[in-house]
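Here the structure is laid out as structure tokens; the discussion comes afterwards.
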Amino acid sequence: MLLTVIAFAALTGVFVALHLRRAPGARAAEIRCPRCRKAVPQGASHCPSCRAPLQAFELATARVVSGAPAASGPRHAVVRADVCVGCGACVDVCPEPGAIRLENKLAIVNLDLCKGHGNCAEACPVSGIVITAGESVQRLQVPQVSPDFESNVPGMYVVGELGGRGLIKNAVNEGKLAIEHVARTLAASRAPAGPGVYDVVIVGAGPAGLSAGLEALSSRLNYLILEQGTLADTIAKYPREKVLFAEPLRVPLYGDLWVADASKESLLKVWQTAIEKTGLRVTTGQRVENVVREASGFIVRTAQGEHRGRRVVLAMGRRGTPRRLGVTGEDLDKVFYEIVEMEAFAGKRMLVVGGGDSAIESALGLSIQPGASVTLSYRGGEFSRAKERNQKRIADAVAAKRVALLLESEVREIRRDLVVLEHQGALRLLPNDAVVIRIGGEAPYPFLERLGVRIVYKEIPFATGAAKAG
């Protein structure tokens, strides 16, 4: 009888253990690091085995979707943090006091106060606010990559803003992790690089590209970094003036990067110090036009020539290569191809060039900055390419004398304190402090698709832009 009781108890224990392993809570605790596949405790920020930051894999491991997400529940606004320029137009029109506010130059929605009226979405000049219901889910079009950030094209990696996550912290982590995988695969192949062939060619010298380069230098890889502009260009495109790191960020060879409430200019000094300290080589003025797969790796073609690499890391910006006017003075530091923080142009005499949605939205956003005077120049006679909503909004702004409109006009020269325009056959001198050129350019995703990289849709919760009261 005693043996029967013991056997029954043991059998019961086995079934209980199996049940607990299959329970939803138990499954939720069984998290595996996407990089090393070792177990990770619930709530951990880093893998305890390989020390990889788990946030870096959030988008790479997100599920691929085909249709729009189902939504249920009360309607509310959600701010796209990657688009918001902190102009404050949404705050001015919201009928619910305190429902939306500016914090660190980013619009934040209080979900307890927001009623989903939609005024903020209508007023946003850059279409950075959506009205949704239920769980806030962001549907992103991104390159499909593995947890090592390798695309479906073997040996070609996509990191940083081009991969869908433009935050500096994510970009630095992704560049480092991609090169670690490059180093492991090259070591495993044991095949030496041919003459004149780099171990890895890195395209782009933003945070992701610089981090990748520093890790390549640390791993003693033969590397090449190509940047179409300058290092300062990449920093100038950051979406807000202040860059906040809540925790130190480990940069290869440099050490901890901890920038609290820093300007872009101070961050530029940090990167320059890291380059000088480590001897990292960056080749600027090299616009990559094509990447061709060959038996031993890749041929990276620029206007200046060809470069061969066994691996390629694409760390370019997501906004693509802007089209230029090709006029004298376009290289002055007063010329911008992106709208960064709009409040920086308060009190300035602004000229926006272009006739599409991006030009109209830029002019509208600038027009509400205190003391700014805005002129919109377009060579066409009407805004036929712009959305109907934007056509109406720019017409209203012109009628209210918030924007001066010059149709059938073209920029002939940009000077330090003025712009020379040809307007309806006559030259016109326009006093000016800054010029914003929004006339299109080559989008990066068609470029990636030509290289064979698969573009997919993924869903993740909105990163920021919403907050609960209290």
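Read-outs throughout are calculated quantities, based only on the coordinates presented, and are distinct from any laboratory measurement. Keep in mind it's a predicted model, so treat the numbers as computed, not measured. All Cβ positions, even for glycine, are placed from backbone atoms using ideal geometry, and neighbour counts span all protein chains on display.
Distance cut-off 26 Å, Cα to Cα: go down the list LYS38/LYS269; LYS105/LYS348; LYS392/LYS458; LYS334/LYS458 and report the pairs above it. Those over the limit are LYS38/LYS269; LYS392/LYS458; LYS334/LYS458. Using the Karplus relation 6.51 cos²θ - 1.76 cosθ + 1.60 with θ = phi - 60°, the per-residue 3J(HN,Hα) values for the range 376-387 come to 10, 10, 9, 6, x, x, 7, 8, 6, 8, 8, 4 Hz, with x marking Gly and Pro. When peptides 311-317, 409-415, 448-454, 325-331 are sorted by average Cβ neighbour count within 10 Å, with the highest value leading, the order is 311-317, 409-415, 448-454, 325-331.
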